Amino acid sequence: MLTLYPDQQEYFTALRGLFQPHRSVLAQAATGFGKTVIGCKVAQGAALRRTPTAFVVHRQELVDQTCEAFTKCGIAHGVIAPGHPETRHDIQVASVFTLARRKPRNFRLIIWDECHHAAAAQWRTVSGHYPEAKHLGLTATPCRLDGQGLADLYETMLCAKPMRELIQMGRLSPYRYFNLPVVDLSGLRKRGEGDYSHEALERAMASRAITGDVITEYKKHCDGAPFIAFCHSVPAAQALAESFRAAGYPVQSVDGKMERTLRRDTVRALGRTLVGITSCDLISEGFDCPGAVAGLLVRPTASLSLHLQQVGRILRHVPGKTAMLLDFVGNYLRHYLPDTPREWSLSTGVVKPVREAIECPDIRACEKCYAVHEWAPVCPYCGHVYPVQAKAAPKQEKGELREMTPEEIQALEALARRTGRLADYHAAEKAKAKADKRDYKPGSAWYKWKNRSRRAVGG
Ligand SMILES: [Zn+2]
């Protein structure tokens, strides 16, 4: 039996309504809203109506996890994946690779779990197999790695409650976020338009022996709390686990090459016989690990999806828990706080201010206790009062100043409207005045970005 919260029911009804006029609908729901429950409810309805339905996932663990969820909800289903015999069930949990290769039957509804992963080519192959089928995409982060939206695949999108509301309602745990930078990431190169390249990460991470710092900070902030460490590579995850063990903590690394049941048992041992698990990319979306209280972010990522999915693992609700997020690589600088309000757009992914120009306009990192929090004159963690800095006339130093384009000025104005902060209005006005003076010629307005961002972040 499947019972939905009232807001989930409302969302489900709205979603169903969208399928009347549309062939493809993207359902955005933050971690904690109950994306899986919604997926199950849709599958259950399809089973009742005997609509041939494929629930498409992109990884083996997710096949198992979905089957488990379906079984719990009493949804009879088959599996389309290597090693599974074909069955005649109306509902099939399918690995995307197998589905793209074969065309097992005539599906009328395709549900794409974690649909931001589906490569356009894969989507088109499957979609081409079933020209009559309707498509439902499920994701917490409806954007690709490069930040682009999914308008090429979906006609419309429905967003569920934001993360902040879910925390306030007690459906996700509250958290504390700490900025403990141990790696210099300036100049880290990205792979095309995507995430950082493996080589660049290796170089940056190898430049310092960071494991000692990670253990020290973990001890200082949340000693003994069951943790998941998100690392940049399998060897790095193994090395970190090794160092923890040397320091007396029972910690295991988990990776994709491990035998499946061993991997599952290892994850389940967290909080029981294990204090920590270290992993590369394995524990991200859909991977349930409710025992985790602390997240050690040791993998720099340019991907908002990956960042939110990793911290989402730690925010799973357990009564009385306050999650601890220790950010060793400054991911918050690129992606803000986990529950920073985000506006999603089908065409452009996530709408936010120009990141490169305005680093974290709304958050501060405390220099006393290293907490990261929303902009405030006093640190809510330790009570540290930020010194008020007199606004000095910007010195024109080479390398610190750069030209502001009309687009950047517009972004700054939009930011001022959004945040309602006076400092933003003043900055926008000032930049505009300077640009006006020079008739918006290229190379017109100068603004001391670097100093500004340091003020905003460092206090
Ligand atoms: Zn503080």
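Any read-out appearing in this document is the output of simple, stated calculations on the displayed coordinates, not a laboratory observation. On a predicted model such as this, the values are computed, not experimentally measured, just so you know. Virtual Cβ from ideal backbone geometry, glycine too; neighbours counted across all protein chains shown.
Could you tell me which of the pairs LYS161/LYS220; LYS219/LYS321; LYS41/LYS257; LYS41/LYS134 are separated by over 27 angstrom between their Cα atoms in the structure shown?
Table pairs above 27 Å Cα-Cα are LYS161/LYS220; LYS41/LYS257.
Rounded to the nearest whole Hz, the Karplus-based 3J(HN,Hα) values (6.51 cos²θ - 1.76 cosθ + 1.60, θ = phi - 60°) of the stretch 378-384 follow the sequence 10, 5, x, 7, 10, x, 4, with x at glycine and proline.
Seen from VAL42, the other residues with C-beta closer than 12 Å to its C-beta sum to a net charge of +4, counting Lys and Arg as +1 and Asp and Glu as -1. Summary of packing: across the peptides 15-22, 96-103, the per-residue average of other C-beta atoms within 10 Å ranks them, highest first, as 96-103, 15-22. Let me make sure I get this right: for the stretch 6-160, a, b and c are the square roots of the gyration tensor eigenvalues over alpha carbons, sorted descending. Under 1.5 in a/c it's rounded, otherwise prolate if a/b > b/c, else oblate. Which is it? Here the stretch 6-160 falls in the rounded category.
Taking the Cβ of each residue in SER305, SER24, SER243, SER347 as the centre, tally the other Cβ atoms inside 10 Å and list the residues starting with the fewest.
SER347, SER243, SER24, SER305
Remark: the stretch 6-160 carries a charge dipole of roughly 540 debye about the Cα centre, counting +1 on each Lys and Arg Cβ and -1 on each Asp and Glu Cβ.
Of all DSSP bridge pairs formed entirely within the stretch 6-160, close to 0 percent run antiparallel.
Note on the stretch 168-352: antiparallel DSSP beta bridges, both residues inside, total approximately 20 percent of the bridges counted.
The local environment of VAL25, defined by Cβ-Cβ distances under 11 Å, has a net charge of +2 under the rule Lys, Arg +1 and Asp, Glu -1.
Within 9 Å, Cβ to Cβ, of TYR381, how many net charges do the neighbouring residues add up to if Lys/Arg are +1 and Asp/Glu are -1?
Numbers: positive: ARG176, LYS368; negative: none.
Neighbourhood net charge equals +2.
Computed 3J(HN,Hα) for the stretch 251-268, one whole-Hz value per residue from the Karplus formula 6.51 cos²θ - 1.76 cosθ + 1.60 where θ = phi - 60°, is 9, 10, 9, 10, 8, x, 7, 5, 5, 4, 5, 5, 4, 5, 5, 4, 4, 5, glycine and proline marked x. Amide H contacts of THR278: ALA229, GLN252, SER253, VAL254, each under 5 Å away and 5 or more positions distant or on a separate chain (H built 1.01 Å from N in the peptide plane; Pro and chain starts excluded).
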